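The block underneath contains the structure these notes are about, expressed in structure tokens.
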Amino acid sequence: TTTSPVCVGQNSTITYTGTGTGAATYTWNFGTGTIASGAGQGPYQINWAATGNENVTLSVTENGCTSPLTTTVVVVTQIPTSTFNATNICTGQNSTLTYTGNAPNTATYTWTYAGGTLVSGTGQGPLQVTWATAGPESVTLAVSEGACASPVTTVPVTVNLTPTSTFTPTSPVCTGQNSTITYTGNDAASGTAVYTWGFAGGTVVSGVGVGPYQVNWATAGTENVTLSVTDNGCSLPPTTVPVVVNQIPTSVFTAATPVCT
């Protein structure tokens with residue numbers, strides 16, 4: 001009897017069940033198998049380095065009498081690998097998990113994505129997973145096929161914050177007077193974000209980067225201030241906020257003079 005199927009590199013237990021005694025001569029043939037343990041009658045522990053159907057044969061000779069040759073097939077199967085790729089993402093986006101191992105679709109795939117939400121995909125995948133908050137995350141995968149189990153593979157995933165571009169301006173203002181424009185988004189303290197402002201022809205009196213800014217306009221009207229923010233390749237569509245610029249009224253007048261009491 002043999003243990004079959006077995007995985008590559010794992011032992012098959014081969015046990016003699018015939019009528020020979022300990023004094024008999026046992027002629028075993030294990031093909032390309034490696035003897036891990038065993039001698040004579042056995043039992044033996046045998047493993048093979050490659051997949052396939054391996055023939056184990058035995059003949060027994062005792063007191064000048066030799067048995068017919070017995071052949072038993074041991075099926076050697078591949079140990080599956082659990083390698084995969086995962087994409088780094090921005091919050092609100094999906095990381096694509098792509099299996100790159102050697103197991104078929106029929107294997108069992110055990111994915112773990114702590115704190116993540118599965119958006120789509122099953123089994124071998126590919127899978128789409130998202131995380132709500134920024135930070136370092138990790139995904140693990142174990143694959144089993146029959147009695148053969150892979151090592152566990154862990155792949156890190158970086159989830160970058162998607163910056164918002166909200167801001168508040170002082171409005172209305174008069175021509176030539178400053179509107180204070182203050183960023184109110186979620187990425188003011190990163191130090192790595194790029195802030196792209198549009199002041200619609202306004203004059204920047206002070207301010208840089210995240211701001212705040214002091215901006216004025218020389219003519220009356222409604223001016224649109226825009227902002228887009230990019231950090232670690234993550235961004236949202238620009239935000240646009242109108243600023244109403246009112247004309248400063250004049251106070252000139254005429255008087256009739258001289259006049260009589």
Say we join alpha carbon atoms closer than 10 Å with springs in a Gaussian network model of the chain; which of Gln93, Gln214, Gln124 then has the biggest fluctuation?
Gln214
For Asp231, solvent-accessible area (1.4 Å; no DNA, RNA or ligand), Å²:
10
In nm, what is the difference between 0.36 nm times the number of residues separating Asn85 and Thr140 and their Cα-Cα distance?
18.7 nm
With a point put 7 Å past each Cα toward its Cβ, work out how far Thr1 is from Val205 in nm, to one decimal.
9.4
Calculated FRET efficiency for the pair Ser228/Thr133, C-beta based, R₀ 25 Å, to 0.05
0.65
Residue separation between Val194 and Thr154 times 0.36 nm, minus their alpha-carbon distance, gives in nm 11.1 nm
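Rounded to two decimals, what ratio of Rg to Rh does the chain give with C-alpha atoms and a Kirkwood Rh? List each step's numbers first, then the result.
Working: Rg = 38.9 Å, Rh = 25.7 Å.
Checking Rg against Rh, the ratio lands at 1.51.
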Rounded to the nearest 10 Å², what accessible area does Ile79 have for a 1.4 Å probe in the complete protein model?
50
Carbon and sulfur atoms account, in whole percent of the 1.4 Å probe accessible area of the chain, for 55
Please give the FRET efficiency for Thr175 paired with Val259, using the beta carbon to beta carbon distance and R0 = 45 Å, rounded to the nearest 0.05.
0.80
Calculated FRET efficiency, Thr21 and Val73, Cβ-Cβ r, R0 30 Å, to nearest 0.05?
0.65
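The values are calculated or read from the model by the stated rules, or taken from the named source; none is laboratory data. Remember, predicted model here, so these are calculated numbers, not experimental data. Here Cβ is always computed from backbone atoms with ideal geometry, including for glycine, and neighbour counts include all displayed protein chains. The protein model used for the area step is the full one, side chains on, heavy atoms only, and it has no ligands, DNA or RNA in it. Shrake-Rupley method; radii C 1.70, N 1.55, O 1.52, S 1.80 Å.
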